[in-house]
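Report on the following structure.
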Amino acid sequence: MNIYVGNLPYSVVEEDLREIFEEYGEVASVKIINDKLTGRSKGFGFVEMDEDDEAKKAIEELNNADLSGRNIKVNESRPRSNDSRGGGNRRGGGGFNRGGRY
DNA sequence: CCTGAGCGT
């Protein structure tokens with residue numbers, strides 16, 4: 001599951017995000033976006049989690065969480081690519097309800 | 001050193 005993390009402090013790096021999200025589950029990968037011009041961090045990143053349940057729990061807990069005095073925003077990320085033949089993420093995991101549970 | 005903007009090769 002792709003997770004968007006915004007409003008991050010410039011001090012935060014991928015390791016920090018990984019540590020934070022690993023508290024709630026197994027983190028597949030972490031990506032911090034850096035600015036093309038300044039080279040500094042843009043202040044947001046992405047976290048990919050294998051387990052959707054843990055991902056949702058992490059989102060619920062980490063959204064509006066206080067990090068270094070900054071209220072970070074954590075939400076489900078939009079698909080970065082829109083491939084033909086349904087290559088763009090189009091599955092039940094991307095939605096809210098999964099199989100009626102919840 | 002500083003800044004703030006809700007989406008990535």
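Brief remarks follow.
- Converting phi to 3J(HN,Hα) with the Karplus coefficients 6.51, -1.76 and 1.60 and the offset θ = phi - 60°, segment A:15-31 yields 4, 5, 4, 4, 4, 5, 6, 5, 5, 9, x, 8, 8, 6, 7, 10, 9 Hz in sequence order, with x at every glycine or proline.
- 5 angstrom amide H check on A:Ser77, placed H, neighbours 5+ away: A:Asn2, A:Ile3, A:Tyr4
- Residue-span extension gain [A:Asp53 to A:Thr38] - 0.36 nm each, minus C-alpha spacing: 1.7 nm
- Taking the accessible area of segment A:2-71, probe 1.4 Å, and keeping the other protein chains in place, the carbon and sulfur fraction comes to 40%.
- Highest to lowest packing among A:49-58, A:66-75, A:15-24, scored as the average C-beta count within 10 Å: A:49-58, A:15-24, A:66-75
- Shown for segment A:2-71 is the translational diffusion coefficient from the Stokes-Einstein equation, using the Kirkwood radius over Cα pairs, a temperature of 37 °C and a viscosity of 0.692 mPa s: 271 µm²/s.
- Taking all protein chains into account, the per residue accessible area for segment A:2-71 stands at 61 Å² (1.4 Å probe).
- Relative contact order, percent, segment A:29-75 [alpha-carbon distance under 8 Å, six or more residues apart]: 24
- Per-residue Karplus couplings for segment A:52-64, computed as 6.51 cos²θ - 1.76 cosθ + 1.60 with θ equal to phi - 60°, are listed in order as 5, 5, 5, 5, 4, 5, 5, 4, 4, 7, 8, 5, 6 Hz, Gly and Pro entered as x.
The values are calculated or read from the model by the stated rules, or taken from the named source; none is laboratory data. Treat the numbers as computed from the prediction; the structure is a model and nothing was measured. Every residue, glycine among them, receives a Cβ derived from its backbone with ideal geometry; neighbour counts consider all protein chains shown. Accessible surface is based on the protein model in full, side chains and every heavy atom, while ligands, DNA and RNA are left aside. Shrake-Rupley method; radii C 1.70, N 1.55, O 1.52, S 1.80 Å.
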